[in-house]
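Comments concern the structure below.
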Amino acid sequence: MCSSEEARSTLKPIFDKYCKAIDEQQWNKDSILRAKLKELYPSFQAASFYDADAVLIQTGKKCVYGREAIKQELEKIENLMGKTTTKVSGEDYQMTTEFIILNVNFDTSTDKMGVVKGKTTQIWRKRNDTYLIYHEEFSFT
């Protein structure tokens with residue numbers, strides 16, 4: 001088992017880019033405009049942080065499988081919330097040789113719903129030289 005400090009130092013920069021992509025509502029890396037943005041700002045598309053076999057679970061409500069379905073689900077959440085700014089707290093990192101598990105609390109300020117609070121657990125899987133979200137569970141409190 002690896003240390004939680006090693007897990008944090010490995011995943012924190014990637015997780016910060018993921019949070020930025022979510023707040024900037026950059027869901028997809030496939031369009032021409034997004035391709036140009038990716039040249040200028042690598043890794044800012046939220047869907048690109050998910051493994052092709054990832055699952056996204058809203059605890060007790062819904063589960064979606066695969067990067068494209070997750071992108072569509074994130075777009076639905078965007079339509080409900082509008083523009084968002086998220087602050088995370090209580091970050092807890094755990095690491096094995098192939099996975100990093102991250103538990104966080106979040107406070108998301110939204111244009112349409114006010115402040116939404118919740119928690120998420122993400123399991124990031126090592127793929128080549130980076131980590132991708134393989135499993136994510138979230139709930140609103």
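The values are calculated or read from the model by the stated rules, or taken from the named source; none is laboratory data. Predicted model only: the values in this text are computed from it and were never measured. For neighbour counting, all protein chains shown are included, and Cβ atoms are generated from backbone atoms with ideal geometry for every residue, glycine included.
Here are the numbers for this structure:
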| read-out | value |
| --- | --- |
| Selection from the range 97-141 of residues that are aliphatic (A, V, I, L, M) and assigned to a loop (DSSP other than H, G, I, E, B) | Met113 |
| Answer residue from the range 94-106, given it is buried (at least 17 other Cβ atoms within 10 Å of the Cβ) and touching a Leu at 6+ places or on another chain (Cβ under 9 Å) and is farthest from Ile123 (Cα to Cα) among those | Met95 |
| Candidate set: the range 121-141, residues that are without any contact (Cβ under 8 Å) to a residue 40 or more places away in the chain and of a type in the set (Val, Ile, Thr); chosen: the one surrounded by the most Cβ atoms within 10 Å (Cβ to Cβ) | Ile123 |
| Lone qualifier among Ser43, Ser9, Ser31 - being modelled with pLDDT of 90 or more and out of contact with any strand residue (DSSP E or B) (no Cβ under 7 Å at 6 or more places or on another chain) | Ser9 |
| Subset of the range 78-94 that is in contact with an Asp or Glu (Cβ under 9 Å, 6 or more places away or on another chain) and of a type in the set (S, T, N, Q) - its residue that is farthest from Ala46 (Cα to Cα) | Ser89 |
| Selection count, the range 76-106, where residues are at pLDDT below 95 and closer than 17 Å to Asp53 by Cβ | 1 |
| Count of residues meeting criterion [touching a residue at least 60 places away in the same chain (Cβ under 8 Å), surrounded by 14 or more Cβ atoms within 10 Å (Cβ to Cβ) and either outside any strand (DSSP E or B) or of a type in the set (Asp, Glu) (or both)] in the range 72-93 | 1 |
| Residue count, the range 56-71 (criterion: assigned to a strand (DSSP E or B), without any contact (Cβ under 8 Å) to a residue 40 or more places away in the chain and surrounded by 15 or more Cβ atoms within 10 Å (Cβ to Cβ)) | 1 |
| Test: Ser109 is within 18 Å of Tyr134 (Cβ to Cβ) and either within 16 Å of the chain's Cα centre (by Cα) or at pLDDT 90 or above (or both) | no |
